[in-house]
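Contents: one structure, followed by commentary.
The values are calculated or read from the model by the stated rules, or taken from the named source; none is laboratory data. Since we're looking at a predicted model, the values are computed, not measured. Neighbour counts are summed over all protein chains in view; Cβ atoms, including those assigned to glycine, are modelled from backbone coordinates with ideal geometry. Protein only, heavy atoms only, side chains kept; ligands, DNA and RNA dropped before computing areas. Shrake-Rupley method; radii C 1.70, N 1.55, O 1.52, S 1.80 Å.
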Amino acid sequence: MNNELEELQREVTTLTKKLAALKVEIAKVIIGQEETVDQLLIALLARGHALLEGVPGLAKTLMIRTLSQAIDLKFKRIQFTPDLMPSDIIGTEILEEDHTTGKKSFEFKQGPIFSNIILADEINRTPPKTQAALLEAMQEFEVTYSGKTYTLEKPFFILATQNPIEQSGTFPLPEAQQDRFLFYIKIAYPTAQEEVAILKATTGGKLEKVNPILSGKDIIKLQEFVREVPISDQLIAYVSAIVRATRPETTTNAYVKQWVGWGAGPRAGQALILTAKARALFQGRMAVTLEDLHNVALPVLRHRIIVNFKAEAEGITSDQVTKTLLKETNFSK
């Protein structure tokens, strides 16, 4: 038994060291944005998907492409436009002829969804019908076409981006679909120092080569280890208290009652625990701490707490609600 535990610990240590090396490899190309990269990796380790919001030019596409190169996985980018159809994502049947027999038959041609890492660029520019084509893939890791179900290769990770500036001609994601994303990440502008480094690195002749650090099998193994990271009953109770406090009908928090229209569902609690476990493993620890939960709370609850019209008029956001709850909800050891 002890030998098995020691072997397991060695394997965990080896893979977490590779995660640290992965960050170094990504940093060859992506300057700054360390928190964003960490959150993307946490979402991947927790078997989730991420919605990334940021203005143009903040290396969203480059970031996810670099991540796919460093993990040696198949990567596809889908540019969402108003005329994009579900078959452009999932695939379609094509009539083919057997040249030896002359018989004709329909054959399913797989779409770009059949990859490991998918960049759904500007997802809010396509109609709800096409947005919904991602739903089954995100939740069930499979797609159905003409009554036949096709299993997607794992690991499978969707990163969807949207632009917060231009709202004309866009189709905001319904709350039910936003809830499928484990994280809602807001990417900020680089610091002055980072911006100078970006300008130097991207206007010269040298291009950094990204080497694969992890394999798909390594990621699947890490995803399995995440589920095994222990969390105390007290922390689980704290997660439940936070999630329940977001709901105006069950909360005792005056701030929530005043500013929140709809609170987070049970999926928020699951997301908090899984991403906290992933963060602990990411940092080489085999136990969840209160700090892990606080660190992941904003990207987990950002799209699951819906403020009311009065809050929107006053400029109060879901992030402010989450910060208030973290500050005012007591943790009983």
Next on the checklist: Using the basic label-point model (7 angstrom from Cα toward the beta carbon), what is the Ala20 to Val196 distance in nanometres?
Outcome noted: 2.9
Checklist entry - Sorted by mean Cβ packing within 10 Å, highest first, what order do the peptides 324-331, 219-226 take? => result 219-226, 324-331
Checklist entry - About its Cα centre, how strong a charge dipole does the stretch 139-278 have in debye, to the nearest 20, once Lys and Arg get +1 and Asp and Glu get -1 at the Cβ? => result 120
Next on the checklist: Per residue of the stretch 120-130, what does 6.51 cos²θ - 1.76 cosθ + 1.60 with θ = phi - 60° give for ³J(HN,Hα)? Whole Hz please, x for Gly and Pro, Karplus curve as stated.
Outcome noted: 8, 6, 6, 4, 7, 9, 10, x, x, 4, 7
Item to check | Share of alpha-carbon pairs per 5 Å distance bin for the stretch 19-93, given as whole % | outcome: 3, 12, 22, 23, 18, 10, 7, 3, 1
Checklist outcome for this item: In Å², rounded to a whole number, the accessible area per residue of the stretch 260-333 with probe 1.4 Å is 47
Item to check | Label-point separation, Ile236 to Thr252 (7 Å along Cα→Cβ), nm | outcome: 2.3
Checklist outcome for this item: Under 5 Å from the placed amide H of Leu52, counting only residues 5+ away or on other chains, we find Ala160, Thr161, Gln162, Ile185
Checklist outcome for this item: For the chain, whose charge dipole is built from +1 on Lys and Arg Cβ atoms and -1 on Asp and Glu Cβ atoms, the candidate among Asn211, Ala21, Phe181 with its Cα farthest towards the positive end is Ala21
Item to check | Neighbourhood net charge (11 Å Cβ-Cβ; Lys/Arg +1, Asp/Glu -1) for Phe156 | outcome: 0
Checklist entry - So how far, in whole Å, is the C-alpha centre of the stretch 80-142 from the one of the stretch 266-333? => result 34
Checklist entry - What relative contact order, as a whole-number percentage, does the chain give when Cα pairs under 8 Å and 6 or more residues apart are counted? => result 21
Checklist entry - If contacts are Cα pairs under 8 angstrom and at least 6 residues apart, what is the relative contact order of the stretch 189-333 in percent? => result 25
Checklist outcome for this item: For the chain, percent of DSSP beta bridges that are antiparallel (nearest 5) comes out at 45
Checklist entry - Cα to Cα, under 17 Å, and not fewer than 8 places away if on the same chain: which aspartates and glutamates meet these conditions relative to Lys104? => result Glu93, Glu96
Checklist outcome for this item: At R0 = 22 Å the Cβ-Cβ FRET efficiency linking Ser332 and Thr289, nearest 0.05, sits at 0.90
Checklist entry - When N is the residue count of the stretch 180-333, what does its C-alpha Rg come to as a fraction of 2.2 N^0.38 Å? => result 1.28
Item to check | Potential lengthening between Thr101 and Arg227 on full extension [0.36 nm per residue; Cα-Cα distance subtracted] | outcome: 40.2 nm
Checklist entry - Given +1 on the Cβ of Lys and Arg, -1 on the Cβ of Asp and Glu, and no further charges, what dipole in debye does the chain carry about its Cα centre, rounded to the nearest 20? => result 380
Checklist outcome for this item: PRE zone check, label point 7 Å out along Cα-to-Cβ of Gln139, amide N under 18 Å, scope the stretch 64-94, hits 90
Checklist entry - Once phi is turned into θ = phi - 60°, what whole-Hz ³J(HN,Hα) does the Karplus curve with 6.51, -1.76 and 1.60 give for every residue of the stretch 227-236, x standing for Gly and Pro? => result 5, 8, 5, x, 9, 6, 4, 5, 6, 5
Item to check | Efficiency of FRET from Cβ geometry, Asp72 and Glu93, R₀ 35 Å, rounded to 0.05 | outcome: 0.65
Item to check | Added length on full extension, which subtracts the Cα-Cα distance from 0.36 nm per residue, Lys129 to Ser215 | outcome: 27.6 nm
Checklist entry - For the stretch 234-256 and the stretch 1-70, what is the separation of their Cα centres, given in Å? => result 31
Item to check | the stretch 38-136 - Rg (one decimal) and Dmax (whole number), Cα, Å | outcome: 16.8, 55
Checklist outcome for this item: quick shape note, the chain: Cα extents on principal axes in Å, largest first -> 74, 55, 49
Checklist entry - Across the stretch 74-85, in residue order, what do the Karplus-derived ³J(HN,Hα) couplings come to in whole Hz, using 6.51 cos²θ - 1.76 cosθ + 1.60 with θ = phi - 60° and x for Gly and Pro? => result 6, 10, 9, 10, 10, 8, 7, 10, x, 9, 5, 10
Checklist entry - Per the 1.4 Å probe, what fraction of the accessible area of the chain, in percent, lies on carbon and sulfur atoms? => result 53
Checklist outcome for this item: Over the stretch 27-84, with neighbouring protein chains present, the accessible area per residue in Å² at probe 1.4 Å is 38
Next on the checklist: Rounded to the nearest 20 debye, what is the charge dipole size of the stretch 1-150 about its Cα centre when +1 sits on each Lys and Arg Cβ and -1 on each Asp and Glu Cβ?
Outcome noted: 320
